[in-house]
Structures are given as C-alpha cells and as structure tokens.
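Heads up, the thing below is written out as structure tokens.
Here, each number is a calculation from the coordinates, and none is a lab measurement. Only a predicted model underlies this, so the values are computations on that prediction, with no experimental measurement involved. Backbone-built Cβ (ideal geometry, glycine too); neighbour counts: all protein chains shown.
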Amino acid sequence: MSDSFKAIRGRSGGFTLLEVLVALAVLAVGLAAITKAGGENVRNTAYLKEKTLAHWVAVNKATELRATRAWPAVGRQKGTVIMAEREWRWETNVSAFKVEGAGAEEVRQVNIEVYAEDRDSESPLASVLAVLGKP
C-alpha cells in the first residue's frame, strides 16, 4: 500500500472534535427552538381556554335575560358568576332604541363583557351583544 492511501485511511476513521462540537451546537439550537415553541403552545392553549369560558359566561348571561323575559333597565350593571371552578366578573351596558316599522317597537341592546376575576385587566376576555324585544 502506498503511504498516501494509509494516510487517508487513517484520517477517515471518525469525526474530529471540531465536527462533534459543531453538531452539538446545531442540536442545542434546534432543541431550544422546539422547547420555546412548546412553551408558547401551552400558554396559547391556556389563553384560548380562558377566552372560551369567558364567552360561555357572556352567552349564558344573554340567554338568562332572554329566558326570564327580563326587561333590563337602561344603564350599567355588574355582577359575578362561578363557572369551571373560577369566578368571573360580568358587566352589562343596556341601551334603548326604537325599531322603525311594525309599530315602532322598543328594544334593548345589551352589551355583555366578561373579565377574569383573578386578573386586573382593562380589556374584557369576551364580549357579546344581545338584542331583546319587549316581553
């Protein structure tokens, strides 16, 4: 065998330390990105669950107004309710207007906003607009 063949064969037996370090660096960056994406996914799932529950609270309040055939007074009302073992704060803003035609019937527009009780937030997690006809 020639000396050049022995030199090539001897050097191709494995990876150099530099190659291993570069491969580990690439692997570390990839794993960090996967971990970050997983954490964001968990936070997003929790946020969507919270928004869904808040929307259910708002829809339940609108359904309650319709089912009881309530004629809410114009203005603001506040209250709390328990759903999914959590306390939620709701606020309603009721305004009145007349619908032209068919006897100019008066209706109430109810804007229902829901906030998580355990968070001090200025913006509601959910908002539902309900229109109620006079019972």
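Most fluctuating residue of GLU87, GLU105, GLU117 in a GNM of the chain with Cα springs under 10 Å: which is it? Maximum fluctuation in the GNM of the chain, among the listed residues, is at GLU105.
Please give every one of the lysines within straight-line cross-link reach of LYS36, meaning a C-alpha to C-alpha distance under 23 Å, and leave out same-chain neighbours fewer than 8 residues apart. Hits, sequence-local ones excluded: LYS49, LYS51. Mean-square fluctuations from a GNM of the chain, with a 10 angstrom spring cutoff on Cα atoms, peak among LEU21, LEU125, LEU53 at LEU21.
Extension gain, ALA28 to MET83, is 15.5 nm, computed as 0.36 nm per intervening residue step minus the present C-alpha separation.
The Kirkwood hydrodynamic radius of the range 40-113, based on inverse pair distances between different Cα atoms, is 14.2 Å. What the pair-distance distribution of the chain shows, using all Cα-Cα distances binned every 10 Å from zero, is 10, 24, 17, 11, 9, 7, 7, 6, 4, 3, 1 percent. When the chain is described by a simple charge dipole with +1 on each Lys and Arg Cβ and -1 on each Asp and Glu Cβ, the residue from GLN77, LEU65, ALA54 located farthest towards its positive end is ALA54.
Before anything else, pin down the relative contact order of the chain: Cα pairs under 8 Å, at least 6 apart, normalised by residue count, whole percent.
20
Projected label points at ALA73 and TRP56, each 7 Å from Cα along the beta carbon direction, are separated by 3.2 nanometres. Largest GNM mean-square fluctuation across LYS49, LYS98, LYS78, computed for the chain with C-alpha springs under 10 Å, falls on LYS98. Counting only alpha carbon atoms, the long axis of helix 17-67 and the longest principal axis of the chain meet at about 10°.
Can you show me the helix-derived [θ] at 222 nm for the chain, built from DSSP H runs with n ≥ 4 at -39,500 (n - 2.57) apiece and divided by the number of residues, rounded to the nearest 500.
-16000 deg cm²/dmol
All other residues with a Cβ under 14 Å from the Cβ of ALA73 taken together, and with Lys, Arg as +1 and Asp, Glu as -1, what is their net charge? Once all neighbours under 14 Å are counted, the net charge is +3.
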